[in-house]
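Remarks on the structure that follows.
The values are calculated or read from the model by the stated rules, or taken from the named source; none is laboratory data. It should be emphasised that the depicted structure is a prediction, and the values quoted were computed from it without experimental measurement. Here Cβ is always computed from backbone atoms with ideal geometry, including for glycine, and neighbour counts include all displayed protein chains. Ligands, DNA and RNA are excluded from the accessible area calculation, which covers all protein heavy atoms including side chains. Shrake-Rupley method; radii C 1.70, N 1.55, O 1.52, S 1.80 Å.
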Amino acid sequence: MRKTSRALTAALLGVAAAAMSACSSMINDDLRPCTARYLVPITFTKNILDADAFASQVTGVTLYVFDANGQLALRKTESGAALSKPGYMMEVDLPAGTYSMLAWCTGDAADANPAAFAIGGGERPASVRELGATLPLQGTAPELYSDKDIVPLFHGTASGAVCRTGDDGDVVLPTVDLMKDTNVLQIVLQNADTQAEMDPQEFRVEVTGSNSEMNYMNDVTGTTAFTYLPWSVRSLATENEAGRADGAATVNSGMMTETTMGRLMIDRQPRLKVVRTTDGVTIIDLNLTQYLCMVKGHYQGHWSDQEYLDRMDQHTIAFFIDANRTWYTAMGININGWRIVPPQDEEL
């Protein structure tokens, strides 16, 4: 019995020692509760598929946590393999309190030399209001422009994150759901006669805007006028039909440009323009966001125009060009694969 009692005592002491090593140190002879592991889920469901695309699109996260007094409690960044797994959550070390959170996140750009939105406030912003985003522009006023691909930018917030004294184990805080702030616009110009050649230098594609600045709440606050220019311009080839005199296998009968822009706002009315470079004549001039929203009903018609623009991050618009090198409106416009007939409205 004595040996059994000693063995039991040793076992109990071992359990107690293990419990003490897993928890905080003793203060005033009272054992404090085990430290909780606080986790912040970060998702990206505000997209056209209405499904979480975080793992496939986000490659870098910076999370800012502010306490009830508006003071920065934590800034943490993370990237790499952990973000590519479904159900990503960032672990944060926080004392008891109530917190609000803001995340600016990034993805991978398509081009090797992209521009990037700069986030204000540095590593220790004095307040959340400093955490705006600004796109660097090139040129000098009034001829400012952006002609580079842009690193994908995402924004999200959450409030009411409560950490309590006595919390133990894994505690999941409110989810930060992201919205994407960058958009890729592909413009296709196609000769109506697919056997006629088109030189990409014949036309210049541009989008006028004023959306190079956003505040910490993701509102577009910029007022500086500038121009988005393509970072990619290339020819589009069609197969040569039998009987063409030069016998070429393909014909460069079209062109495509790619332009990356910041958050599109329905009330900012950015304009898409196509200029014929031989004489400087603008052959296409339309309200970009109004046209983009014309195909909203093919996706989720119950969304507002602004929500549709915030969810759809890539758009392709195709125009037909006639023999006079102008827009052949009778053939309509193709937007994201949907053909529409443009309204006869000069304001567009």
Margin query: Filter segment 41-81 down to the residues that are part of a helix (DSSP H, G or I) and open to solvent by less than 50 Å² (accessible area, probe 1.4 Å) and list them by number.
Written below: F54, A55
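Mind listing just one residue for me: the one in segment 174-187 that is assigned to a loop (DSSP other than H, G, I, E, B) and open to solvent by 10 Å² or more (accessible area, probe 1.4 Å) and, of those, farthest from N334 (Cα to Cα)?
First, pick out the residues of segment 174-187 that are assigned to a loop (DSSP other than H, G, I, E, B): 174-175, 181-182.
Pick out the ones that are also open to solvent by 10 Å² or more (accessible area, probe 1.4 Å) and you get 174-175.
Working: P174: 41, T175: 38 Å.
The selected residue is P174.
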Margin query: Can you list residue pairs whose Cβ atoms sit under 7 Å apart, with the first residue in segment 92-121 being over 17 Å from W231 (Cβ atoms) and outside any loop (DSSP other than H, G, I, E, B) and the second being open to solvent by 20 Å² or more (accessible area, probe 1.4 Å) and among the hydrophobic types (A, V, I, L, M, F, W, C)? Count only pairs 6 or more apart in sequence or on different chains.
Written below: V92/L74; G97/A68; T98/A68; T98/V162; Y99/A73; L102/V128; W104/I119; T106/V151
Margin query: Within segment 303-326, does at least one residue satisfy the condition of being open to solvent by less than 30 Å² (accessible area, probe 1.4 Å), among the small types (G, A, S) and without any contact (Cβ under 8 Å) to a residue 40 or more places away in the chain?
Written below: no
Check: Which condition does A16 not pass, out of (1) surrounded by fewer than 16 Cβ atoms within 10 Å (Cβ to Cβ); (2) outside any strand (DSSP E or B); (3) modelled with pLDDT of 95 or more; (4) of a type outside the set (K, R), if it passes all the others?
Finding: (3)
Notebook entry, point to check: Restricting attention to segment 152-169, does a residue exist that is surrounded by 12 or more Cβ atoms within 10 Å (Cβ to Cβ), in contact (Cβ under 8 Å) with a residue 40 or more places away in the chain, charged (D, E, K, R) and over 20 Å from M90 (Cα atoms)?
Noted result: no
Notebook entry, point to check: Would you call I266 over 24 Å from D50 (Cα atoms) and either out of contact with any Leu (no Cβ under 7 Å at 6 or more places or on another chain) or at pLDDT 95 or above (or both)?
Noted result: no
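Quick one: which strands (runs of 3 or more DSSP E) sit completely within segment 200-245 and have at least 3 residues that are surrounded by fewer than 16 Cβ atoms within 10 Å (Cβ to Cβ)?
On the way: elements: 203-209, 226-228, 232-239.
Because the criterion is at least 3 residues that are surrounded by fewer than 16 Cβ atoms within 10 Å (Cβ to Cβ), the strands (runs of 3 or more DSSP E) in segment 200-245 that meet it are 232-239.
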Next item on the list: Being over 16 Å from the mean Cα position of the chain (by Cα) and not in a strand (DSSP E or B) is the filter here, so list the residues in segment 130-164 that pass it.
Entry: E130, L131, P136, L137, G139, T140, A141, P142, E143, L144, D147, R164
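With the requirement that a residue be over 24 Å from the mean Cα position of the chain (by Cα) and free of Cβ contacts under 8 Å to residues at least 40 places away in the same chain, what does segment 72-91 give you?
Step one: of segment 72-91, the residues over 24 Å from the mean Cα position of the chain (by Cα) are 72-73.
Once the filter is applied, which keeps residues that are over 24 Å from the mean Cα position of the chain (by Cα) and free of Cβ contacts under 8 Å to residues at least 40 places away in the same chain, segment 72-91 yields only A73.
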Item checked: Residue check, S100 within 17 Å of L74 (Cα to Cα), surrounded by 18 or more Cβ atoms within 10 Å (Cβ to Cβ), more than 14 Å from the chain's Cα centre (by Cα) and among the polar types (S, T, N, Q) -> yes
